[in-house]
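Notes follow the structure.
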Amino acid sequence: MADRCVAVRIAERAGPEESCVGLECTPGNECHRSSCVPVEKLPVAPPACREPTVKRALEALSRSCVQASGDQEATLLNCRTEVWSRISQSDARFEELVMTMPGAFSVFFPNGLPDGRGTWPNAAVRRGYAEAIATHAEALRAARLILVIGRASVSGGEDENRELAERRAKLVEGILVELLGPGHRQIFPWGLAADFTLSMHAMRQRMRAPPIAADAAAVEALASLQRPEFDLASLSEAEFTRVSHMLNRVTFVVPIPCDGHEFNPLPALRGRWTETETRP
């Protein structure tokens, strides 16, 4: 080096289970959560969690979970229902984040139902809800955790809306437990009430899956809002209010396929092929 003989210094490397802070790991190990882990033991994230939008949402949810729980090592599974409830009430973008998860869907309810006396739904209506939810069984069974977020429109009082939102979440939770089996997955249900009223535009963006509702007429009315030809500007003021309330009488079911701390391998190829390039 510049006409001088200089000894080559090999950087120190950390071995398996050793801290990799400021160091590289020895061959055959990867730095994961500040520790060198043998590649065969890495909790590799499934492909669904590596999709950029989902990955960003998972990272944001993990940060919120760590901050709310006060535990720097917390995973999404460590955050209990009350923690998720606090996060959802303090972050207006929470539902936007969770509804980007693959497999998320919406369950809608009639006005004021289920009631506090337990007279609704009857067996036939509940069976209809259960059969529709069962069409999502694959994503639900593959999930690491499932968030169940009940909502209510702003037509009632604050306490009434919160209780109604919680009953909706509990009803869906009960159907999920029947479908998946007790303790099959971590299910976190809570009611968000009308802390953040969802706009019609926001709901149309989040309703990527077919809507689930109490009867065929309600399903058709909700499905019509998803069609490209639906024109918000054509609604009268009264109709706009009616549809807005209908969309907010909902429970979001969010199967999350990762707990936020899986290992995300770097892609081997970061570029994009052009039409003139030859693929290997």
Practice task
Run the quick spin-label model on R4 and H245: label points 7 Å from Cα toward the beta carbon, then report their separation in nm to one decimal.
Solution key: 8.3 nm
Completion exercise
For the pair A202 and A233, the simple spin-label estimate (label points 7 Å beyond Cα toward Cβ) gives in nm 2.4 nm
Exercise for the section: Beta carbons within 10 angstrom, averaged per residue: use that to sort the peptides 243-252, 205-214, highest first. Expected result: 243-252, 205-214
Completion exercise
Taking protein heavy atoms only, a 1.4 Å probe, and rounding to whole percent, the accessible area of the range 1-147 owed to carbon and sulfur comes out at 51 percent
Exercise for the section: Please calculate the 1.4 Å probe accessible area of C31, with all protein chains present, and give it to the nearest 10 Å². Expected result: 60 Å²
Practice task
Might you tell me the accessible area per residue for the chain, computed with a 1.4 Å probe and given in Å²?
Solution key: 56 Å²
Problem - Sequence-separation-based contact order of the chain, relative, with Cα cut under 8 Å and 6+ spacing, percent - result: 25 percent
Problem - At most 14 other Cβ within 10 Å, DSSP loop - GluC sites (Glu not before Pro), the range 22-89 - result: E73
Practice task
For the chain, set up a Gaussian network in which alpha carbons nearer than 10 Å are linked by springs, and say which option among E12, E158, E95 fluctuates the most.
Solution key: E12
Handout entry: Relative packing of 42-55, 169-182, which averages over residues the other C-beta atoms within 10 Å, highest first
Key = 169-182, 42-55
Exercise for the section: Please work out which option in (i) 23.7, 91; (ii) 18.5, 53; (iii) 25.2, 82 gives Rg and Dmax of the Cα atoms in Å calculated from these coordinates, and answer with its label. Expected result: (i)
Practice task
Might you report the magnitude of the Cβ-based charge dipole of the chain about its Cα centre, with Lys and Arg at +1 and Asp and Glu at -1, to the nearest 20 debye?
Solution key: 280 debye
Handout entry: Length-normalised contact order for the range 1-102 - Cα pairs under 8 Å, 6+ apart - percent
Key = 16 percent
Problem - Calculated P(r) tail over 19 Å for the range 42-154, as whole % of Cα pairs - result: 57 percent
Completion exercise
Of the convex hull enclosing the alpha-carbon atoms of the range 1-79, the direction-averaged projected area in nm² is 8.4 nm²
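The values are calculated or read from the model by the stated rules, or taken from the named source; none is laboratory data. The shown structure was predicted, so the numbers you read here are calculated from the model rather than taken from an experiment. Here Cβ is always computed from backbone atoms with ideal geometry, including for glycine, and neighbour counts include all displayed protein chains. What goes into the accessible areas is simple: the full protein's heavy atoms, side chains included, and nothing from ligands, DNA or RNA. Shrake-Rupley method; radii C 1.70, N 1.55, O 1.52, S 1.80 Å.
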